[in-house]
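The values are calculated or read from the model by the stated rules, or taken from the named source; none is laboratory data. These numbers come from a predicted model, not from an experiment. Here the Cβ is made from the backbone with ideal geometry for all residues, glycine too, and neighbour counts use every protein chain on show. Quick note on the areas: whole protein, heavy atoms, side chains included, nothing else; ligands and nucleic acids left out. Shrake-Rupley method; radii C 1.70, N 1.55, O 1.52, S 1.80 Å.
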Amino acid sequence: MSTAEVRLGRLELTAMRGVLVREVVNFSSFWRSATFSSTVDPTIYLLAFGFGFGSLVSTVAGYSYIDFVGTGIVATTVLFSGCFPAMYGTFVKYSFQHTYDAILAAPVDTEELVTGEALWISARTGVYGCVPMLVAVCFGLDPSWGMLLVPGIAALAGFGWACFGIFIAARAKAIESFSYWQSGLLTPMFLVAGTFFPLSELPEWAQVAGNLNPLYHCVQLVRDVVFETWSAADLGHLAFLVGFALVSWRLAIRYMERKLIL
C-alpha cells in the first residue's frame, strides 16, 4: 500500500497549516490585484443597480432599494471571491505550475490539500463579503449588531463555493471549458438569488429553482441578520449552506484524488 493510500481520508492540522502558510505567503505577492477584482466588481454592481434601479424603484420588500441590494450583493462577492479564484487557481496549479505535485510529495494528502486551499479562500471571502455592505452603509444602510455575523456567513458560503470551484477545476479538461460552467450554471444562479429583486415576484418554477440555489440562502441569511429580522427559517438557510459546503467539499476531494493520484 502506497503512502498516499495510507494517509487517504486523514486530516492532520500540521499538513493543512503547511498548505495555508504557503497560500498566505504566495498571496502576499498578488493581494492587491486579487482584492481589487474581488471587491470592486461587486461594488460596481451595487452602485449600478442600487442607484440605477433605485432611481425608478424606491422600496422593495419593505426596504429601500439600496439597502436591499447592499445586503444581497454579499452573495455576488462570495461567488466572485470564492468560486472563481478556486476554479482558475486550482487548474493553473495542477495543470501548468504542477504545484500540487510538489505539495503531495510532502506528507500531505489530497484531502488536506483541498481542505487547506478551501479554508484559505473561505477566510478571504469572509473579509471581502463585508465590503459591499460597508459601501451600502456609506450610502444610508443603518448599521446593526447583526452585521458582525456577516463575515461568518460569507466565510461559510465561501468555503462551499471554493470547494465547488475546485470540483469544477478537477472536472475540466481545459481551462476554456470553464465557460460552460460560468454561462450555463453560475450566471443563472447569480441572477436568480434574490440579490436584485425578490424571488416571490417570479414564476413558481423560478422560485423552486431559487430555493435550491446556495446564493439565495446566503442572501436571505445576510438580510435577516443585518435587518435583525431573525426567524426559524434562518435555521433552514444555515443548514442549506452547511450541507452545500459538505457536499462540495467531498466532491472536490473525490475528483481531485482522481486527477492527482488515481
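Looking only at segment 66-87, decide whether some residue is charged (D, E, K, R), crowded, with 19+ Cβ neighbours inside 10 Å and farther than 30 Å from Glu176 by Cβ. Yes - at least one qualifying residue is present in segment 66-87.
When residues in segment 127-157 are screened for being touching a Ser or Thr at 6+ places or on another chain (Cβ under 8 Å) and among the charged types (D, E, K, R), 0 of them pass. Scan segment 123-140 for residues that are among the hydroxyl-bearing types (Ser, Thr, Tyr) and open to solvent by 10 Å² or more (accessible area, probe 1.4 Å) and the total you get is 1.
Looking only at segment 69-126, residues that are in contact with a helix residue (DSSP H, G or I) (Cβ under 7 Å, 6 or more places away or on another chain) and without any contact (Cβ under 8 Å) to a residue 40 or more places away in the chain come to 4 in all. Does at least one position in segment 159-178 carry a residue that is touching a residue at least 40 places away in the same chain (Cβ under 8 Å), within 20 Å of Leu46 (Cβ to Cβ), surrounded by 22 or more Cβ atoms within 10 Å (Cβ to Cβ) and touching a Ser or Thr at 6+ places or on another chain (Cβ under 8 Å)? Yes: segment 159-178 contains one or more residues that are touching a residue at least 40 places away in the same chain (Cβ under 8 Å), within 20 Å of Leu46 (Cβ to Cβ), surrounded by 22 or more Cβ atoms within 10 Å (Cβ to Cβ) and touching a Ser or Thr at 6+ places or on another chain (Cβ under 8 Å). For segment 143-158, the set of residues classified as free of Cβ contacts under 8 Å to residues at least 60 places away in the same chain and either touching a helix residue (DSSP H, G or I) at 6+ places or on another chain (Cβ under 8 Å) or polar (S, T, N, Q) (or both) consists of Pro143, Pro151, Gly152, Ala155, listed by residue number. Screening segment 30-47 for residues that are open to solvent by less than 60 Å² (accessible area, probe 1.4 Å) and among the aliphatic types (A, V, I, L, M) and picking the one that is nearest to Phe139 (Cα to Cα) gives Leu46. Let me spell it out: the conditions are (1) aromatic (Phe, Trp, Tyr); (2) farther than 22 Å from Phe68 by Cβ; (3) at pLDDT below 90, and Phe167 meets all of them except one. Which number is the exception? Condition not satisfied by Phe167: (3). Would you confirm whether or not segment 103-120 contains a residue that is touching a Phe, Trp or Tyr at 6+ places or on another chain (Cβ under 6 Å), of a type in the set (Ser, Thr, Tyr) and open to solvent by less than 10 Å² (accessible area, probe 1.4 Å)? There is no residue in segment 103-120 that is touching a Phe, Trp or Tyr at 6+ places or on another chain (Cβ under 6 Å), of a type in the set (Ser, Thr, Tyr) and open to solvent by less than 10 Å² (accessible area, probe 1.4 Å). Selection of segment 7-34 for residues being at pLDDT below 80 and in a helix (DSSP H, G or I) yields Arg7, Ala34.
When residues in segment 117-139 are screened for being over 12 Å from the mean Cα position of the chain (by Cα) and part of a helix (DSSP H, G or I), 9 of them pass. Within the span defined as segment 37-48, every residue fails to be modelled with pLDDT under 85 and in contact with a Leu (Cβ under 8 Å, 6 or more places away or on another chain). Is one or more of the residues making up segment 219-240 open to solvent by 50 Å² or more (accessible area, probe 1.4 Å) and touching a Leu at 6+ places or on another chain (Cβ under 7 Å)? Within segment 219-240, one or more residues are open to solvent by 50 Å² or more (accessible area, probe 1.4 Å) and touching a Leu at 6+ places or on another chain (Cβ under 7 Å).
Is it fair to say Ala162 is at pLDDT 90 or above and of a type in the set (A, V, I, L, M, F, W, C)? Taking the combined requirement at face value, the residue satisfies it.
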